[in-house]
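Reviewing the structure listed below.
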Amino acid sequence: MAILEKIDDPSQIRNLCPEDLRTLCEELRRYIIECCSENPGHIGASLGAVEIAVALHKVFNTPEDQIVWDVGHQAYAHKILTGRREEFRNNRKKDGISGFPRRDESPYDAFGTGHSSTSISAALGLAVAAQMQGRSTHTVAVIGDGAMTGGLAFEGINNAGSLKTDLLVILNDNQISIDQNTGALHNYLLKVVTSRNYNKLKKSIWDKLGSTRFRSRIQKNVKNLKRFLGKGTGEAYSLFDSLGFRYFGPIDGNDVELLTKTLERLKTIPGAKLLHVITVKGKGFRPAEENQTIWHAPGTFDPNTGLRTGKKPDTARFQEVFGTTLLELARSDERIVGITPAMATGCSMDIMMARMPQRVFDVGIAEQHAVTFSAGLAAGGLLPVCNIYSSFSQRAFDSLVHDVALQNLKVILCLDRAGLVGEDGATHHGVFDMTSYRSVPNITIASPIDERELRNMLYSATLPDYGATVIRYPRGCGSGALWRNEPFEKIAIGKASLLSDGSGVAVLSIGPSGVKAAQAIRQAAEKGVKAIHYNMRFVKPLDKEALADVCSRADRIITVEDGSVIGGLHGAVAEYIADNGLSCKLSGLGIPDSFIGQGKPEELYSECGFNTADILEEILK
């Protein structure tokens, strides 16, 4: 019987010998590959972190000892080992377990994570809470997959080092997030990893960790280590030491025996500690090791050959439209520069990056910096196009307000993955952007119904009469509208488009949800109900002429949006009706006042009540 099949909770790992631990790691990898080949997920990061999960649960008494996983897609092995082995087959499916740690899912998930760089701050809070309540527990934060570039990680480290709290941070250094890591910290750590002098000295330290003269010899070696500072060999030690952390490593994070012994020793050392481990993203599966960007989340594949089996879409993805159009615009306007917080491939800014590398800036996982950096570029006379996933842009709200809008700087902020994104669930749905940013002055907010409209919105936003502009669009494919090599057409700011005419009832849609609305309106017409349909295009400014027309001819108005109905298009139209003392009846279809879980987008549209059938039902009322 396989060892993994006997593991129902981590206590069953703690008596395993080193050989069994290695076997368990191999079985975990095979199981993750098997499950993810049919049910897609974030496979690369979790394959690389298998040994970390096994060693942590062997050494620490979880869930009393608490582990916080940064960028939660490292945590598949953790989930499987903590009583969710069979449930993992339904990972990321509707009504299945989440693809990320969730506190309401398991007591072993000490803190919910989906966005990056949060683990150290959260773990510090858990550690301080335990200390203040007199509980003798260990707290571990596992950070990696590029998350150390996030400013919040440094804020957490700075605070933790000053508090001298008993906290272990494991830096899972795999040299990559989705795309290759960038930045000074990455270069620092890479230099340490490849330094012959530093590694020779590091080996000397670890060889003596188990000796009877532990303290005196460690102190001697640390003094020797410090002599290297300034010679280019002790950068990481110097960095973390200056922040109040004792730095250990780097060690091989895919050697479970070494990792286990190291954690056992570190468990006895009080205070703030950082263990630097080197892992291979995609470890144990050759295709994932050789093409780490694609295998971050590859879709379905053959577990034996690695051949990806997902069906090629019939229509273009919005991301392709964005990337291709941006390059075309940049070729004709030398002011245009691209900015992305570690999402170049995901958002297709890599298209421009490949041809104009000097004009695209990947700033790492640092959304707030990305927006303020863009504001600085605009203040300097350039035309920045900053692409951030909608959910992640929430971190940059302050930067958008104070650094872009308040100074009335022309930054084009493209919000990818707007709306319900699907299997990644609540942490990744981009449903609050229209609600949040609509209240900010000096900003235009637009959302295209299809590929061609995205192309023209991006072009229009570069024109002189547009200022700071937010363009939101979803993950995935459009409706098949012609766009490639089509001539650019200017879209006037705040101008809606009348798609179909009627009377009595009107549908106001924004974004690609307008395609579903148009289908429902055609079906309603077959039943004898002809509805007015405006593609609003802009939630700010609203087309008040279109609203006046609708309110004069319809006593029932339905808004449709792939975003929160509170404060979004529905809120904006409600304000217009109230401000003008009108008596139209208004109903809003979109995201309700709740967090929506994971599932296929169509399942989630139905759950929220704005699929084609739902819109049709509302029209026929």
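Every number in this text was worked out from the coordinates using simple rules, so none of it is lab data. Remember, predicted model here, so these are calculated numbers, not experimental data. In this analysis, Cβ positions are derived from the backbone assuming ideal geometry, glycine residues included, and neighbour counts consider all displayed protein chains.
For Arg475, the residues whose amide H sits under 5 Å from its own are Arg417, Ala418, ignoring neighbours fewer than 5 places away on the same chain, with H placed 1.01 Å from N. In this structure, the residue pairs whose Cα-Cα separation is over 31 Å, taken from Lys490/Lys585; Lys281/Lys540; Lys283/Lys516; Lys58/Lys281; Lys527/Lys585; Lys79/Lys311, are Lys490/Lys585; Lys281/Lys540; Lys283/Lys516. How much mean residue ellipticity at 222 nm does the chain get from its helices, if each DSSP H run of length 4 or more adds -39500 (n - 2.57) and you divide by all residues, to the nearest 500 deg cm²/dmol? Computed ellipticity for the chain at 222 nm equals -11500 deg cm²/dmol. Between the amide H of Val360 and those of Gly338, distances stay under 5 Å, these residues lying 5 or more places away or on another chain, with hydrogens modeled in the peptide plane. Take the Cα of Leu307, step 7 Å toward its Cβ, do the same at Lys527, and the gap between the two points is 4.6 nm.
Residue separation times 0.36 nm, minus the C-alpha to C-alpha distance between Met132 and Arg89: what's the value? Let's see the in-between values first.
Details: separation 43, 0.36 × 43 = 15.48 nm, distance 3.94 nm.
The span from Met132 to Arg89 would gain 11.5 nm if fully extended.
When Rg and the Kirkwood radius Rh are both evaluated on Cα atoms of region 497-620, their ratio Rg/Rh stands at 0.95. Listed values for region 490-506 are Karplus-derived 3J(HN,Hα) couplings in whole Hz (6.51 cos²θ - 1.76 cosθ + 1.60, θ = phi - 60°), namely 6, 9, 5, 4, x, 9, 7, 10, 7, 8, 7, 10, x, 7, x, 9, 10, and x replaces Gly and Pro. Taking a ≥ b ≥ c as the square roots of the eigenvalues of the alpha-carbon gyration tensor, region 340-413 is classed oblate because a/c is 1.5 or more while a/b is no larger than b/c.
Summarise the long-distance tail of P(r) for the chain by giving the % of C-alpha pairs beyond 30 Å. Percentage above 30 Å: 57.
Near the amide H of Cys414, within less than 5 Å, lie the amide hydrogens of Cys386, Asn387, Ile388, Ile471, all on another chain or at least 5 residues away, with H placed in the peptide plane.
Electrostatic tally near Thr137: other residues with Cβ closer than 15 Å to its Cβ, Lys and Arg +1, Asp and Glu -1, net -1.
Loop-located chymotrypsin sites (Phe, Trp or Tyr not before Pro) in region 79-147 (DSSP state other than H, G, I, E, B) with a sparse environment of at most 13 neighbouring Cβ atoms within 10 Å are absent.
Modelled spin-label separation between Lys490 and Leu620, with each label point placed 7 Å from Cα along the Cα-to-Cβ direction: 4.5 nm. Under conditions of 10 °C and 1.306 mPa s, region 318-472 yields 105 µm² s⁻¹ as its translational diffusion coefficient, taking Rh as the Kirkwood radius over Cα pairs in the Stokes-Einstein equation. Sequence-ordered 3J(HN,Hα) estimates for region 71-87 from the Karplus curve with 6.51, -1.76 and 1.60 and θ = phi - 60° stand at 6, x, 6, 7, 9, 4, 4, 4, 5, 5, 7, 10, x, 10, 4, 6, 5 Hz, glycine and proline given as x.
Count the net charge of all other residues whose Cβ sits under 15 Å from the Cβ of Thr300, scoring Lys and Arg as +1 and Asp and Glu as -1. Net charge in that neighbourhood comes out at +3.
Pairwise alpha-carbon distances in region 429-553 exceed 20 Å for 47% of all pairs. Other residues with beta-carbon under 11 Å from the beta-carbon of Thr113 carry, at +1 per Lys or Arg and -1 per Asp or Glu, a net charge of 0.
The orientation-averaged projection of the convex hull spanning the C-alpha atoms of region 348-387 amounts to 2.8 square nanometres. The stretch between Lys544 and Ser332 holds 72.9 nm of extra length on full extension. This uses 0.36 nm per residue minus the Cα-Cα distance.
I need the shape label for region 83-150. Rule: rounded when a/c is under 1.5, else prolate if a/b > b/c, else oblate, with a, b, c from the alpha carbon gyration tensor. Walk me through the intermediate numbers first.
Values: a/c = 2.82, a/b = 1.45, b/c = 1.95.
Oblate, because a/c is 1.5 or more while a/b does not exceed b/c.
Within the chain, which is the longest segment that contains none of the GluC sites (Glu not before Pro) sitting in a DSSP loop with at most 15 other Cβ atoms within 10 Å?
Between the exposed loop sites, the longest stretch runs 87-333.
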